[in-house]
Amino acid sequence: MKTTIAFFRRGAAALCALLFLAAAFCLRINASAADGAAPDTAGDSAASLVSDRDASGEYDASAAVTLAPGDDLTISEAGIYILSGSYENQMLTVQAGDEDKVQIVLNNAQIANADGPAILVRSADKVFLTAAAGSENSISDGSGYTLNEGDTAVDAAVFSKADLTVNGSGSLSITGNTKHAVVSKDDLVVTAKNLIVSSAASALTGKDAVTLLDASVSIQAGTDGIHSEGTVTVLGGSLTAQCGDDAVHADGKADIAGGTVTLNAAEGIEATYVLIRSGDISIQASDDGINAAYKSDAYTPTVEITGGNLTVTMGAGDTDGIDSNGNLIISGGTVSVTAGSAFDFDGSVSFTGGTVTVNGQQVTELNSQFMGGRGGMGGMGGQGGHGSFGTPPDMSGDIPAGFGGQPPSGFHGPHGGQGGPGSFGEAS
């Protein structure tokens, strides 16, 4: 009897231990999910980010107020306001209630202000900037002005302290001569069908988020093309950007889900978490094609590709096609990288689907490499001459148009092997 009791006591103790371990494991899983470290692979839907009014660009002309050139261009309440004609050295100011929605309709309007923004939104619930169907419109600020609103530097052709939407099927050109073209200190939504943006610094900035839905946007920017401290989401449409720094920059998540995206920049896409779900994406870059870096505590640095067609072409020098300071995940889509270093990742790697081609050769593994893997800088030799930058496989020594990336001045690779300089070897 004593033996039987001892047996049951030992069994009960073992069971309690197992239950304790299981509970601890569940708590660990729940904590990981709660701290926001894991990527949310589902992404955001258009319905959750863009309203019907954002998308439509329609307005009721019979209920609108017309603001003619020379009029007082101050809007203090909700409503629809139409501008037509040439507004020289005038600034349209919105100072409405916190619950007021204001729609500014441009119908063959040209607004230019040499001494500050062309449009300044000081307060409102939301402002819609609409290019009327069939119209051609332009907005520009001056060059070199200094303007502050309290502790805020006002430095864009269109500057809004409220949520801002740019929509409509007409043509709209926005030029930021001092710094930025469009800035929203909240959310920026773009559904415009013919938007041309140029800027000395960043082109489109939304502090909390920038969302493009079925828009057609062309960008020339001195620094970033699209910039957000939160998220950047592209849902369909067409985006073309040529930029001095990042074409798409998000401190949090950059999510590409459809459309045609063509980027030419120092870095194509930079965010803590880069998610590519669909679309045709082409990137030419002189630093990193895609870079997941620590910029937000909301995510672990991750590049995740679940679909779409991605082509990355890198300039010569110390460059990476896809660079993750954390994890790299490819589960679908078609990925083609032309670069000395196709992938550089510091965390885990997962390759469960899709097609990946590196320098014209399909690969079945994703290896973190620097300047061409084992051959790398200086080859695989022993005691010979200095290694140097060789010619990447299948690139024929050509540098993509528009790039001047070169090795740093005075750079030499590690000492090469017996018999001369090393060269690019086969990617490992």
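Worth a mention:
- The set of residues from the range 166-180 being assigned to a strand (DSSP E or B) and not small (Gly, Ala, Ser) comprises Val166, Asn167, Leu172, Ile174, Thr175, His180.
- Scope the range 30-64; condition exposed (fewer than 11 other Cβ atoms within 10 Å of the Cβ), modelled with pLDDT of 95 or more and hydrophobic (A, V, I, L, M, F, W, C); matching residues: Ala63
Yes/no per residue for (1) of a type outside the set (Lys, Arg); (2) open to solvent by 20 Å² or more (accessible area, probe 1.4 Å); (3) under 18 Å from Asn264 (Cα atoms):
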site	(1), (2), (3)
Gly307	yes, no, no
Gly317	yes, no, yes
Gly321	yes, no, yes
Gly326	yes, no, no
Ile329	yes, yes, no
Gly332	yes, no, no
Phe343	yes, no, no
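- Look at the range 53-67: where a residue is over 16 Å from Ala133 (Cα atoms) and of a type outside the set (Phe, Trp, Tyr) and a partner is assigned to a loop (DSSP other than H, G, I, E, B) and at pLDDT 95 or above, sitting 6+ places away or on another chain with Cβ atoms under 8 Å, you get Leu67/Leu73.
- Yes/no for Thr152 being among the β-branched types (Val, Ile, Thr), open to solvent by 10 Å² or more (accessible area, probe 1.4 Å) and either within 20 Å of the chain's Cα centre (by Cα) or on the phi > 0 side of the Ramachandran plot (or both): no
- Residues located in the range 286-300, provided they are surrounded by 22 or more Cβ atoms within 10 Å (Cβ to Cβ) and either at positive phi or under 14 Å from the mean Cα position of the chain (by Cα) (or both): Asp288, Gly289, Ile290, Asn291, Ala292
- Exactly one residue out of Ala181, Ala162, Ala200, Ala157 is touching a strand residue (DSSP E or B) at 6+ places or on another chain (Cβ under 9 Å) and more than 21 Å from Ala124 (Cα to Cα): that is Ala200.
- Checking each residue in the range 113-127 for being under 17 Å from Gly176 (Cβ atoms), crowded, with 19+ Cβ neighbours inside 10 Å and of a type outside the set (Val, Ile, Thr) picks out Asn113, Gly116, Pro117, Ala118, Leu120.
- From Val190, Val217, Val182, residue being open to solvent by less than 10 Å² (accessible area, probe 1.4 Å), under 24 Å from Thr311 (Cα atoms) and modelled with pLDDT of 95 or more: Val217
- Scanning the range 292-308 for residues that are in contact with a strand residue (DSSP E or B) (Cβ under 7 Å, 6 or more places away or on another chain) and farther than 16 Å from Ile330 by Cβ yields Ala293, Tyr294, Lys295, Ser296, Ala298, Tyr299, Thr300.
- Taking the range 242-269 as the range and being open to solvent by less than 20 Å² (accessible area, probe 1.4 Å) and either within 16 Å of Gly326 (Cβ to Cβ) or among the basic types (Lys, Arg) (or both) as the test, the residues that pass are Ala250, Gly252, Lys253, Ala254, Ile269.
- Number of residues in the range 135-174 that are within 18 Å of Gly85 (Cα to Cα) and among the polar types (S, T, N, Q) equals 6.
- Of residues in the range 128-139 being outside any strand (DSSP E or B) and among the aliphatic types (A, V, I, L, M), the one surrounded by the fewest Cβ atoms within 10 Å (Cβ to Cβ): Ala133
- Filtered residue count, the range 84-119, keeping only those that are within 24 Å of Glu136 (Cβ to Cβ), of a type outside the set (Ser, Thr, Tyr) and either part of a strand (DSSP E or B) or in contact with a Cys (Cβ under 8 Å, 6 or more places away or on another chain) (or both): 17
- The range 345-371 - residue that is in a strand (DSSP E or B), in contact (Cβ under 8 Å) with a residue 40 or more places away in the chain and under 23 Å from the mean Cα position of the chain (by Cα) and, of those, surrounded by the fewest Cβ atoms within 10 Å (Cβ to Cβ): Gly354
- Selected residue (criterion: farthest from Lys193 (Cα to Cα)) from residues of the range 140-163 that are of a type outside the set (S, T, N, Q) and assigned to a strand (DSSP E or B): Glu149
- When Ala266, Ala342, Ala293, Ala271 are screened for being small (Gly, Ala, Ser) and in contact (Cβ under 8 Å) with a residue 60 or more places away in the chain, only Ala342 passes.
The values are calculated or read from the model by the stated rules, or taken from the named source; none is laboratory data. Model, not experiment: these values are computed from the prediction. Reconstructed Cβ throughout: ideal geometry from the backbone, glycine too, with neighbour counts over all protein chains shown. Ligands, DNA and RNA are stripped out before the accessible areas are found, and what is left, the full protein with its side chains, is counted by its heavy atoms. Shrake-Rupley method; radii C 1.70, N 1.55, O 1.52, S 1.80 Å.
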